[in-house]
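Trainee: Let me begin by handing over the structure; questions about it come next.
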Amino acid sequence: MPNATLTSASPAPSQVGEAMAFSDYVQARSPVLLRTARSLTPNPADAEDLLQTALTKTFQAWDRIDDKRAIEGYVRRVLVNTRTSQWRRRRIDEYATDELPEVPHPGPDEAEQQALRDAMWRAVRRLPPRQQAMVVLRYYEDLTEAQTAEVMGTTVGTVKSAVSRALAKLRCDAGLRPGFERDTGLDRAAC
């Protein structure tokens, strides 16, 4: 059996030019075509997928399209046809049953968590500016006491005492809801 050598066929110059023309077209017209795709499907991610599919199909036919002025209409037609094909192939895999197949998610209520974060931020915003800055640096930015002191241009002892006073004010803040101590670990016994 004779040894066969593999040679890589380099693309012809006309193919490179066609690919560059297609690339230029995509860069220039993608925002407009994406708006068209978004008008065909309500989900933005599906619209991006639809446009990508249409552009792939257009690239495959690029060298067969003689009149490049008609490209816009061609791509729009491919968008519509592709979306129609997707819609026709759609299957419904959900069936009504008496029992719910999902298991309830045993986690914290996200709305409750958001309400807690909002209440906490409002309480922090009611602190004096210096205490507010130290609490944010210490607990939200997760800096050490030494790093916080360096950023604030003060001593570690000043940071410790200011943060301690700020936490005491937060424990007694009337704007925080009942049960807040349980969720945050702050103790209101000193109030």
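The values are calculated or read from the model by the stated rules, or taken from the named source; none is laboratory data. Since this is a predicted model, take the numbers as computed values, not measurements. Glycine also receives a Cβ, built like all others from the backbone with ideal geometry; neighbour counts cover every protein chain displayed. With ligands, DNA and RNA removed, areas are computed over all heavy atoms of the protein, side chains included. Shrake-Rupley method; radii C 1.70, N 1.55, O 1.52, S 1.80 Å.
Trainee: Check off (1) at pLDDT below 85; (2) open to solvent by 40 Å² or more (accessible area, probe 1.4 Å); (3) of a type outside the set (Lys, Arg); (4) over 22 Å from residue 86 (Cα atoms) for residue 23 and give me the number that stays unchecked.
Mentor: Of the numbered conditions (1) at pLDDT below 85; (2) open to solvent by 40 Å² or more (accessible area, probe 1.4 Å); (3) of a type outside the set (Lys, Arg); (4) over 22 Å from residue 86 (Cα atoms), the odd one out for residue 23 is (1).
Trainee: Here is a list of conditions, (1) in contact with a helix residue (DSSP H, G or I) (Cβ under 6 Å, 6 or more places away or on another chain); (2) open to solvent by 90 Å² or more (accessible area, probe 1.4 Å); (3) within 23 Å of residue 19 (Cα to Cα), and residue 50 meets all of them except one; can you say which number that is?
Mentor: (2)
Rundown of residues vs (1) assigned to a helix (DSSP H, G or I); (2) at pLDDT 90 or above; (3) under 23 Å from residue 117 (Cα atoms); (4) touching a Leu at 6+ places or on another chain (Cβ under 8 Å), yes/no style:
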site: 131; (1), (2), (3), (4): yes, yes, yes, no
site: 135; (1), (2), (3), (4): yes, yes, yes, yes
site: 138; (1), (2), (3), (4): yes, yes, yes, no
site: 143; (1), (2), (3), (4): no, yes, yes, yes
site: 146; (1), (2), (3), (4): yes, yes, no, no
site: 150; (1), (2), (3), (4): yes, yes, no, no
site: 159; (1), (2), (3), (4): yes, yes, no, no
site: 163; (1), (2), (3), (4): yes, yes, yes, no
site: 170; (1), (2), (3), (4): yes, no, yes, yes
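Trainee: Taking residue 29 and the conditions (1) over 22 Å from residue 88 (Cα atoms); (2) open to solvent by less than 70 Å² (accessible area, probe 1.4 Å); (3) modelled with pLDDT of 85 or more, which numbered condition does it fall short on, given that it satisfies the others?
Mentor: So the condition that residue 29 fails would be (2).
Trainee: Same structure again: Which residue out of 117, 77 is open to solvent by 100 Å² or more (accessible area, probe 1.4 Å) and under 30 Å from residue 169 (Cβ atoms)?
Mentor: Numbers: 77 fails: under 30 Å from residue 169 (Cβ atoms).
None of the other options fit; the residue is 117.
Trainee: Here's something else I'd like to know. So which pairs qualify, if the first residue must be in the stretch 151-165 and without any contact (Cβ under 8 Å) to a residue 12 or more places away in the chain, the second must be surrounded by 15 or more Cβ atoms within 10 Å (Cβ to Cβ), the Cβ gap must be under 6 Å, and the two must be at least 6 apart or on different chains?
Mentor: Note: pairs meeting the criteria are 155/149; 156/145; 156/149.
Trainee: Looking at this structure, is residue 58 hydroxyl-bearing (Ser, Thr, Tyr) and either in a loop (DSSP other than H, G, I, E, B) or open to solvent by less than 40 Å² (accessible area, probe 1.4 Å) (or both)?
Mentor: Details: hydroxyl-bearing (Ser, Thr, Tyr): yes; either in a loop (DSSP other than H, G, I, E, B) or open to solvent by less than 40 Å² (accessible area, probe 1.4 Å) (or both): yes.
So residue 58 fits the description; yes.
Trainee: Looking at the stretch 103-124, can you tell me whether even one residue there is basic (Lys, Arg), in a helix (DSSP H, G or I) and touching a helix residue (DSSP H, G or I) at 6+ places or on another chain (Cβ under 8 Å)?
Mentor: First, the residues of the stretch 103-124 that are basic (Lys, Arg): 117, 122.
Next, only the ones that are in a helix (DSSP H, G or I) stay: 117, 122.
Checking the rest, the ones that are also touching a helix residue (DSSP H, G or I) at 6+ places or on another chain (Cβ under 8 Å) come to none.
No, every residue in the stretch 103-124 fails to be basic (Lys, Arg), in a helix (DSSP H, G or I) and touching a helix residue (DSSP H, G or I) at 6+ places or on another chain (Cβ under 8 Å).
Trainee: Does any residue in the stretch 34-63 that is over 14 Å from residue 81 (Cβ atoms) come within less than 6 Å, Cβ to Cβ, of a residue that is basic (Lys, Arg) and open to solvent by 20 Å² or more (accessible area, probe 1.4 Å) six or more places away or on a different chain, and which pairs are these?
Mentor: Pairs found: 47/38.
Trainee: Could you list, in sequence order, all residues of the stretch 154-178 that are open to solvent by 50 Å² or more (accessible area, probe 1.4 Å), among the aliphatic types (A, V, I, L, M) and within 14 Å of residue 125 (Cα to Cα)?
Mentor: Result: 174, single match.
Trainee: Please work out if residue 92 is modelled with pLDDT under 90, of a type in the set (A, V, I, L, M) and closer than 17 Å to residue 26 by Cα.
Mentor: Working: modelled with pLDDT under 90: yes; of a type in the set (A, V, I, L, M): yes; closer than 17 Å to residue 26 by Cα: no.
Answer is no for this residue.
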